[in-house]
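Let me begin by presenting the structure, written as structure tokens, before commenting on it.
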Amino acid sequence: MPKEAYWFSHDSNARNDIKIKAMISKYGYEGYGMYWAIIEMLRETSDFKLPMEDYTFLALQQEFNGCSTDVQQFVNDCVTTFKLFKSDDNAFWSDSLKRRMALKEMKREQARKAGKASAEKRRNINGSERSYNVSSTDVEQNLTDVQQRKEKKRKERKDIYSADADFLWGLYPEKKGKKDAMAKLPKLIDQYGKDQVERCIKRYLADVDKRRKSGFADLRYKNGSTFFNSGYMDYLDENVPEEKPEPVKKPSGRHTVSLLELVKAKEERERHGQSSGS
């Protein structure tokens, strides 16, 4: 059976619907399973309906492998009491299923029209190229050249990122989660640059070391996959206070003689010596 024959959307929280809850209160989760089995059978029909006939209920009873629930009564309750199905006395159906399938059909039709328009656009472009006497061989060659250049650049970028990722992974001490970390690192390098990611690692290691010295001696590094997935964010440049240089220490109270002062003192002594000699 092709996939198309049984596909339909299904809310993951359908069990919380008040009508479903009412049905479960009477029939339990056996009824819940029966309900979805009937929905699947409705989906397999061309008009998403099943006839209100004895043979339908016998077939359903066999489908449910002899369950204790009266299938005909169950369907009737789903129509009249729980309002999960609709019926015109000849057939029954699910409005919810029909709405979902109508939406699916609308999307498929939109995709078909979009594909048709895209194909028409490509034909017009090809026609314009021919009108300018551009041979298809040249066009294909140009496209191939462009693709090859793009692929070459992509590979070069990938090689650079791969080398940088290996370098950064080597800086991180906790090696658990390498596969996930190595998949994430090229994206971080592309987004933030290798140098900033390196700073994040060093800041984190310094932070852990500081905490260990502050009373958390058993603090462990995060797994590599955890750090490179989200742990690095607290250590990005934008999230770290500006790192200011240490202030220059003032000289001690003792006066320090500069070179210029020494030269001036020497010249002064020489002048006094000449004056004394004369």
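The values are calculated or read from the model by the stated rules, or taken from the named source; none is laboratory data. This structure is a prediction, so every number in the text was calculated from the model and none was measured. FYI the Cβ positions are ideal-geometry reconstructions off the backbone, even for glycines, and counts take in every protein chain you see.
Consider region 5-47 and keep the residues that are basic (Lys, Arg) and either surrounded by fewer than 16 Cβ atoms within 10 Å (Cβ to Cβ) or within 31 Å of the chain's Cα centre (by Cα) (or both). The one that is modelled with the lowest pLDDT is Arg15.
Residues in region 28-75 that are acidic (Asp, Glu) and more than 17 Å from Ser94 (Cβ to Cβ): Glu30, Glu53, Asp54, Asp70. When residues in region 74-97 are screened for being touching a residue at least 24 places away in the same chain (Cβ under 8 Å) and either surrounded by fewer than 16 Cβ atoms within 10 Å (Cβ to Cβ) or part of a strand (DSSP E or B) (or both), 8 of them pass. The set of residues in region 190-208 being under 23 Å from the mean Cα position of the chain (by Cα) and small (Gly, Ala, Ser) consists of Gly193 alone. Glu151 meets the stated requirement of being out of contact with any strand residue (DSSP E or B) (no Cβ under 9 Å at 6 or more places or on another chain) and not assigned by TED's automatic domain parsing to the domain that holds Asn229.
Would it be correct to say that Val139 is hydrophobic (A, V, I, L, M, F, W, C), modelled with pLDDT under 70 and not in a loop (DSSP other than H, G, I, E, B)?
Against the criterion (hydrophobic (A, V, I, L, M, F, W, C), modelled with pLDDT under 70 and not in a loop (DSSP other than H, G, I, E, B)), Val139 qualifies.
Restricting attention to region 48-73, and to residues there that are free of Cβ contacts under 8 Å to residues at least 40 places away in the same chain and among the charged types (D, E, K, R), which single residue is surrounded by the fewest Cβ atoms within 10 Å (Cβ to Cβ)? The qualifying residue surrounded by the fewest Cβ atoms within 10 Å (Cβ to Cβ) is Asp54.
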